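The values are calculated or read from the model by the stated rules, or taken from the named source; none is laboratory data. Here the structure is a predicted model, which means the values were calculated and not measured. Every residue, glycine among them, receives a Cβ derived from its backbone with ideal geometry; neighbour counts consider all protein chains shown.
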Amino acid sequence: MSDKAPIKGSDLFIKALEQEGVEYIFAVPGEENLDLLESIRKSSITLIINRHEQASGFMAATYGRLTGKVGVCLSTLGPGATNLMTAAAYAQLGAMPMLMISGQKPIKSSKQGLFQIIDTVDLMRPLTKYTRQINNANTIPAKLREAMRLASEERPGAVHLELPEDIAIEMADADTHIFKPSDARRPSASTKSLEQACQLIREAKHPLIMIGAGANRKRISKALIRFVESTGIPFFTTQMGKGVVDERHPRYLGSAALSDGDFVHCAIDHADLVVNVGHDVVEKPPFFMKPGGKQVIHVNFSPADVDPVYFPQLEVVGDIANSVEWLADHCGTCEVHDFDEFSRVKKAVEKHLTERVDDDRFPIIPQRIVGDVRSVMPENGIIALDNGMYKIWFARNYKAYDNNTVLLDNALASMGAGLPSAMAAAMLYPDQKIMAICGDGGFMMNSQELETAVRLKLNLVVVIINDNGYGMIKWKQNLDGFESFGLDYGNPDFVRYAESYGATGHDVTSAANLAPTLASALDAGGVHLVHVPVDYSENERVFNRELRDITCSI
């Protein structure tokens, strides 16, 4: 007979989370979570209270993205759980390991009818890898271990557990076992597929390497640098692959921020073989394949999801780092390779990206904003981009020097994620320079989290790029030949708004004032908001006319 005492369900849940190494829970609790809240109070886990569940989810997902461990967030039932849905999709499409915990009314007896009750488990099913209601306290450790395993294994994503009130207070058996996390190694690719990849690389005349989101997850920079330098093959990145290899590398050609028609696509069109490392079809396509066109090698943790514009001829499936190291060791250089055209493209790209970075116009044009941000950010500084027109400018023009120093979402591409993502980075890396870069529209979707950032005493600079409207949609509206309509709105006084939360606000009033203001805010510590009026007339000139005319002639 066991000498252990029975354990309350909520205590068992939190002890199992502690066994998993959970450090933080990001939360907007409700009355259905009160027993769990008390169990957290007595634990080693830090509870971070947000002002909206969506922000809790974005922070948990970004924690997962940056650490590789499962980020955890908590909500109540009904509207609390539905507010997590955007963050669930954000984590699921972006391959960020995240566990959502939601409360529920008692399931064995309830005196409140259907008040606030929805089928949260079914609601979460299309947005998660795993979603379950816990209906017996004894099953808590097993369900939690399975959820954590699925959230973190390739391809990472979102999982969900619902803990009803009566299960939280139910006593689990004294001998209920809490499982330890497993340490399973990812399998290596077959030697046959690796040899075939080397053969294709040797036979190609104009091979090119593409680095995607999957490569950014597992920090395989050293292996990729060896591969690039041992073969001499130039590389480009997707938006979410930025920084895997230092973009100051002489073989870097650029980022495929657009799907076609950019300078880097001249190199892609010229290539007869693309080695796709970590490509994820969830991302906006960096290029379009055509039947009978270039060959593609898919190097990833899992087989390719084939669609009409992506159908690789060879798949190297297994741990990416191991695969790339093998290719670096065995492929070597090849005399048949001809990179002259790629060199011409690189020169054109470098010239293009330095144009107008010193432009003194006010409101400030995007090239100047990107250039000034890059000039004040240190090598390990992290920028977290919300979603808007500026994201394309930063993806194209801002060179990343290290893994995950440019946090952007090119999967769900949700507005409102930039500030919470930067807050998670600032929590994890308090000694690094962290900057959220948001449009006025995206910022206002979760602007209330400024209070959270101030309360947590974060060191964070929030840049608001303001055009008083939904700028990216305006650009597309104009591109499609429609009249300007339905996309303008008003904004608060952003400086006074920031100060009302206890942050420090700054109004940039000239182009010359931008870099000094950013540098001063970064050095001062605390939470700073920098309001930057933007002139988006360059969208039409560069993306609609210049790229069409120039890239065809280089």
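Restricting attention to segment 293-306, and to residues there that are within 24 Å of A223 (Cα to Cα) and either buried (at least 16 other Cβ atoms within 10 Å of the Cβ) or of a type in the set (D, E) (or both), which single residue is farthest from the chain's Cα centre (by Cα)?
Q295
Which of (1) charged (D, E, K, R); (2) free of Cβ contacts under 8 Å to residues at least 24 places away in the same chain; (3) assigned to a strand (DSSP E or B) is the odd one out, the single condition E162 does not satisfy?
Among (1) charged (D, E, K, R); (2) free of Cβ contacts under 8 Å to residues at least 24 places away in the same chain; (3) assigned to a strand (DSSP E or B), E162 violates only (2).
Would you pick out the residues in segment 413-440 that are closer than 21 Å to N539 by Cβ, small (G, A, S) and assigned to a helix (DSSP H, G or I)?
Matches in segment 413-440: G418 only.
Please work out which residue is nearest to T176 (Cα to Cα), limiting yourself to segment 117-164 and to residues that are in contact with a Pro (Cβ under 9 Å, 6 or more places away or on another chain) and of a type in the set (K, R).
Going through the qualifying residues, I end up with R145.
Given the conditions (1) among the polar types (S, T, N, Q); (2) modelled with pLDDT of 95 or more; (3) crowded, with 22+ Cβ neighbours inside 10 Å; (4) more than 19 Å from V530 (Cα to Cα), and given that S414 satisfies all but one, which numbered condition is not satisfied?
Failed condition: (3).
Taking the stated definitions as given, is V309 surrounded by 24 or more Cβ atoms within 10 Å (Cβ to Cβ), within 24 Å of A411 (Cβ to Cβ) and more than 20 Å from the chain's Cα centre (by Cα)?
No: the conditions fail for V309.
Regarding P303, is this residue of a type outside the set (S, T, Y), under 19 Å from F236 (Cα atoms) and either assigned by TED's automatic domain parsing to the domain that holds F227 or not in a strand (DSSP E or B) (or both)?
No; evaluated as a whole, the condition is false for this residue.
Inside segment 133-168, can you point out the residues that are closer than 20 Å to A5 by Cβ and either outside the structural domain of Q19 (by TED's automatic domain parsing) or among the small types (G, A, S) (or both)?
A137, A168
Mind checking whether some residue in segment 123-138 is closer than 30 Å to L314 by Cβ and modelled with pLDDT under 95?
No, segment 123-138 contains no residue that is closer than 30 Å to L314 by Cβ and modelled with pLDDT under 95.
Could you pull out the residue among R202, R248, R217, R226 that is charged (D, E, K, R), in contact (Cβ under 8 Å) with a residue 24 or more places away in the chain and surrounded by 21 or more Cβ atoms within 10 Å (Cβ to Cβ)?
Only one candidate qualifies: R217.
Select from segment 48-85 the residues that are over 14 Å from A158 (Cα atoms) and of a type in the set (D, E, K, R) and list them in ascending order.
The answer is R51, E53.
Return only the number of the condition from (1) touching a helix residue (DSSP H, G or I) at 6+ places or on another chain (Cβ under 6 Å); (2) closer than 27 Å to Q432 by Cβ that L77 does not satisfy.
(2)
Is at least one residue of segment 330-340 crowded, with 19+ Cβ neighbours inside 10 Å and either assigned by TED's automatic domain parsing to the domain that holds E154 or at pLDDT below 90 (or both)?
The answer is no, given that none of the residues of segment 330-340 is crowded, with 19+ Cβ neighbours inside 10 Å and either assigned by TED's automatic domain parsing to the domain that holds E154 or at pLDDT below 90 (or both).
Consider segment 359-389. How many of its residues are buried (at least 21 other Cβ atoms within 10 Å of the Cβ), farther than 25 Å from D260 by Cα and among the polar types (S, T, N, Q)?
Counting residues in segment 359-389 that are buried (at least 21 other Cβ atoms within 10 Å of the Cβ), farther than 25 Å from D260 by Cα and among the polar types (S, T, N, Q) gives 0.
Can you pull out every residue in segment 156-187 that is closer than 30 Å to N83 by Cα, of a type outside the set (A, V, I, L, M, F, W, C) and surrounded by fewer than 17 Cβ atoms within 10 Å (Cβ to Cβ)?
P181
Of the numbered conditions (1) over 30 Å from S152 (Cα atoms); (2) at pLDDT below 90; (3) buried (at least 21 other Cβ atoms within 10 Å of the Cβ), K290 fails exactly one; give the number of that condition.
K290 satisfies every listed condition except (3).
Being within 30 Å of Y470 (Cα to Cα), in contact (Cβ under 8 Å) with a residue 24 or more places away in the chain, not aliphatic (A, V, I, L, M) and not in a helix (DSSP H, G or I) is the requirement here; does R361 meet it?
yes
Can you spot a residue in segment 390-403 that is within 23 Å of K69 (Cα to Cα), crowded, with 22+ Cβ neighbours inside 10 Å and of a type in the set (D, E)?
no
Outside any helix (DSSP H, G or I), at pLDDT 95 or above, out of contact with any His (no Cβ under 9 Å at 6 or more places or on another chain) and over 23 Å from Q477 (Cβ atoms): does that describe V373?
Criteria not met by V373.
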